[in-house]
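Okay, so here's the structure we're looking at.
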Amino acid sequence: MFRAPELPGPSQGQLDSGKAELLRSLGSRVLFDDEISEDYRSDDSRILGEKPLAVVLAESSSDIETALTIAKAHKIPVVPRAGGSGRTGGAVPLCRGIVLATAGMSELHELDGREGFVRVGPGARLSEVQAAVEREGWFYPPDPNSAELCCIAGNVAENAAGPRAFKYGATRDYVLGIETILPGGQKFFAGRKTRKGVTGYDVVSLLVGSEGTLAAFGDVTLKLIPKPEEVLTLAATFPSLSHALGAVGALVQAQVPARCLEFLDEKTLAVMRQSGVPLAPSAEALLIIEVDGSEAECEHQAERILGICEQCRAIEVQVALLATARAQLWDARKQMSRAVRARARHKISEDVVVPRRELLRLVDCVRELGDKYSIDALSYGHAGDGNLHVNFLWNDPEEETKVAAAVRELFVTTLSLGGTLSGEHGIGLLKAEFLPLEHPRPLLDLEQRIKATFDPLGIMNPGKIFPSEPGGRTGHGAC
Ligand SMILES: Cc1cc2nc3c(=O)[nH]c(=O)nc-3n(C[C@H](O)[C@H](O)[C@H](O)COP(=O)(O)OP(=O)(O)OC[C@H]3O[C@@H](n4cnc5c(N)ncnc54)[C@H](O)[C@@H]3O)c2cc1C
């Protein structure tokens, strides 16, 4: 665990009066002092924040309203929290305040099979939402690999996405409406429950990806699509990274309607082999390609993929015909993040995106940074979207300065290739100091004014997204 930088917090008087009112209004639905477990100080970023004054275990949107009314009255910061699986420290409190835990609001309220939408509580587990709608013949495509851990509110706040984004897009493409609660407790429904709609500003799109800095979310209404009839998964091995990424380019150019196009480099391939996935010994890179649709459509697309991969000098293309083979492949891919973490004591995982034609230059940059700074560096991920998880691993705390330099160079190279700093994990705490590399000053100023309109007192998740001081550091350097 790394320690988060501490932000100035409320005075003792504000904390005491806020605490008394929370206790009076929410009773047993609020935790204080020793009742608060360490979990509420961190998330999957492994950054340790401040011990909260209180953890509100919200059971309904009126609990959220109450917490945000009290927070505003006593000027106490609020950190909304759902599954706590975020990777950039979004749910880490940086000063004494309220953690607003919404994971308990996990109900699936309404599945409208005529209109094709589902309304769920902010704490609904993604895997449970996916399973529930599929039982009714519907499909909710966003599939971050943390589906068992994360909740819908966290997905919305981060605009989460996974392998299927290549064909189906990210969370934002499925959010129709959000029950929105502002600091101060005003509640309203933003959005719609119809397939189309153009009224006023698109506030829903603004809330998606806002990382808990604008408002808290209650129920979320999500668009569904019909569940595909069949799915076919292929695993293609290549003699080099450049051959594999050449195949990515060829598949994209041929407009193969794959739903996933995942890339794994030679180091992550070794992890796949350790998980029992049979892969050609000479392979240095792997593509996992998945198509869906009718049986005939899947077979037709599989033929095309086979042909393209062969032209790109694939060593072997396996079709995972059996459900067990498919599950083994995806399990190993989904466990990759955890498995990679086991390679060293410390890991930092970035999720940069570049235009797909620049993927090879990105992968080369990662290798060069590993060599230059003598650190373990690897990359894998959603090549179809140009979005790779770049991991740096190290054991000795003295290597942190080198890692910080490698991360900065990675970001600078990503931007010089026409890319963006984050494809799905958001900015949070860890990348806040780098946002000015990508967003010009006038845009940052506009974003700050938008934030101030929602949250004039600056109590919603302070220290996230924006650098805490001009050109200042917010914690990434600590890694
Ligand atoms: C093993 C693993 C694999 C992962 N793979 C992926 C992946 O493939 N794709 C991907 O996109 N991400 C991935 N992640 C990251 C993470 O799971 C996602 O960012 C996820 O969306 C976070 O959801 P959560 O419910 O855990 O949110 P939390 O971590 O609790 O919070 C995330 C952010 O949402 C805000 N928030 C939470 N609840 C609310 C609310 N009610 N109202 C307003 N704001 C709120 C928080 O303040 C915070 O800023 C992975 C994480 C792990 C641990």
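The values are calculated or read from the model by the stated rules, or taken from the named source; none is laboratory data. Being a predicted model, the structure only gives us computed values, none of them experimental. Cβ sites come from the backbone with ideal geometry, for glycine too, and all protein chains shown count toward neighbours. These area figures cover heavy atoms from the full protein model, side chains too; ligands, DNA and RNA do not enter into them. Shrake-Rupley method; radii C 1.70, N 1.55, O 1.52, S 1.80 Å.
Looking across the stretch 1-28, the residues that are surrounded by fewer than 19 Cβ atoms within 10 Å (Cβ to Cβ) and either without any contact (Cβ under 8 Å) to a residue 40 or more places away in the chain or of a type in the set (Val, Ile, Thr) (or both) come down to Ser11, Gln12, Gly13, Asp16, Ala20, Leu23, Arg24, Gly27, Ser28. Can you tell me which residue within the stretch 313-346, out of those that are surrounded by fewer than 20 Cβ atoms within 10 Å (Cβ to Cβ) and among the basic types (Lys, Arg), is farthest from the chain's Cα centre (by Cα)? Looking at the filtered set, the residue picked out is Arg313.
Count of the stretch 199-228 residues, restricted to those that are more than 10 Å from the ligand (Cβ to nearest atom), outside any strand (DSSP E or B), touching a residue at least 24 places away in the same chain (Cβ under 8 Å) and open to solvent by 20 Å² or more (accessible area, probe 1.4 Å), is 4. Within the stretch 183-198, the set of residues being surrounded by 16 or more Cβ atoms within 10 Å (Cβ to Cβ) and closer than 18 Å to Gly169 by Cα is empty.
Residue check: is Gly121 open to solvent by less than 20 Å² (accessible area, probe 1.4 Å), within 11 Å of the ligand (Cβ to nearest atom) and over 27 Å from Leu435 (Cβ atoms)? Answer is yes for this residue. For the stretch 67-89, the count of residues that are within 16 Å of the ligand (Cβ to nearest atom), free of Cβ contacts under 8 Å to residues at least 12 places away in the same chain and part of a helix (DSSP H, G or I) is zero. Listed by position, the helices (runs of 4 or more DSSP H) enclosed by the stretch 368-479 that each have at least 2 residues that are within 22 Å of Asp265 (Cα to Cα) are 400-416.
Test each condition in (1) under 29 Å from Ile450 (Cβ atoms); (2) aromatic (Phe, Trp, Tyr); (3) open to solvent by 40 Å² or more (accessible area, probe 1.4 Å) for Trp138 and report the one that comes out false. For Trp138, the exception is condition (1).
Would the stretch 165-186 turn up any residue that is over 25 Å from Gly384 (Cβ atoms), among the basic types (Lys, Arg) and not assigned by TED's automatic domain parsing to the domain that holds Ile64?
For the stretch 165-186, residues over 25 Å from Gly384 (Cβ atoms), among the basic types (Lys, Arg) and not assigned by TED's automatic domain parsing to the domain that holds Ile64: absent.
When Asp43 is tested against the conditions (1) open to solvent by less than 20 Å² (accessible area, probe 1.4 Å); (2) part of a loop (DSSP other than H, G, I, E, B); (3) more than 16 Å from the ligand (Cβ to nearest atom), the lone failure is (3).
Glu50 satisfies every condition listed in (1) closer than 17 Å to Gly428 by Cβ; (2) open to solvent by 10 Å² or more (accessible area, probe 1.4 Å); (3) within 12 Å of the ligand (Cβ to nearest atom) except (3). For the stretch 151-180, the set of residues classified as within 8 Å of the ligand (Cβ to nearest atom) and assigned to a strand (DSSP E or B) consists of Cys151 only.
Evaluate the stretch 237-249: report whether one residue or more is open to solvent by 10 Å² or more (accessible area, probe 1.4 Å) and touching a Cys at 6+ places or on another chain (Cβ under 7 Å). Yes, the stretch 237-249 contains at least one residue that is open to solvent by 10 Å² or more (accessible area, probe 1.4 Å) and touching a Cys at 6+ places or on another chain (Cβ under 7 Å).
Mind listing just one residue for me: the one in the stretch 401-460 that is among the polar types (S, T, N, Q) and open to solvent by 10 Å² or more (accessible area, probe 1.4 Å) and, of those, farthest from Ile375 (Cα to Cα)? Selected residue: Thr453.
State whether one or more residues within the stretch 127-134 are open to solvent by less than 10 Å² (accessible area, probe 1.4 Å), in contact (Cβ under 8 Å) with a residue 24 or more places away in the chain, more than 11 Å from the ligand (Cβ to nearest atom) and within 25 Å of Ile289 (Cα to Cα). Yes, because at least one residue in the stretch 127-134 is open to solvent by less than 10 Å² (accessible area, probe 1.4 Å), in contact (Cβ under 8 Å) with a residue 24 or more places away in the chain, more than 11 Å from the ligand (Cβ to nearest atom) and within 25 Å of Ile289 (Cα to Cα).
Please pick out the residue among Glu148, Glu115 that is near the ligand (Cβ under 10 Å from one of its atoms), part of a loop (DSSP other than H, G, I, E, B), surrounded by fewer than 16 Cβ atoms within 10 Å (Cβ to Cβ) and in contact (Cβ under 8 Å) with a residue 12 or more places away in the chain. Write out each step before concluding.
Numbers: Glu115 fails: near the ligand (Cβ under 10 Å from one of its atoms).
Just one listed residue meets the conditions, Glu148.
Does the stretch 411-419 include one or more residues that are closer than 11 Å to Val352 by Cα, in contact with a Phe, Trp or Tyr (Cβ under 7 Å, 6 or more places away or on another chain) and away from the ligand (no atom under 16 Å from the Cβ)? Checked the stretch 411-419: at least one residue is closer than 11 Å to Val352 by Cα, in contact with a Phe, Trp or Tyr (Cβ under 7 Å, 6 or more places away or on another chain) and away from the ligand (no atom under 16 Å from the Cβ).
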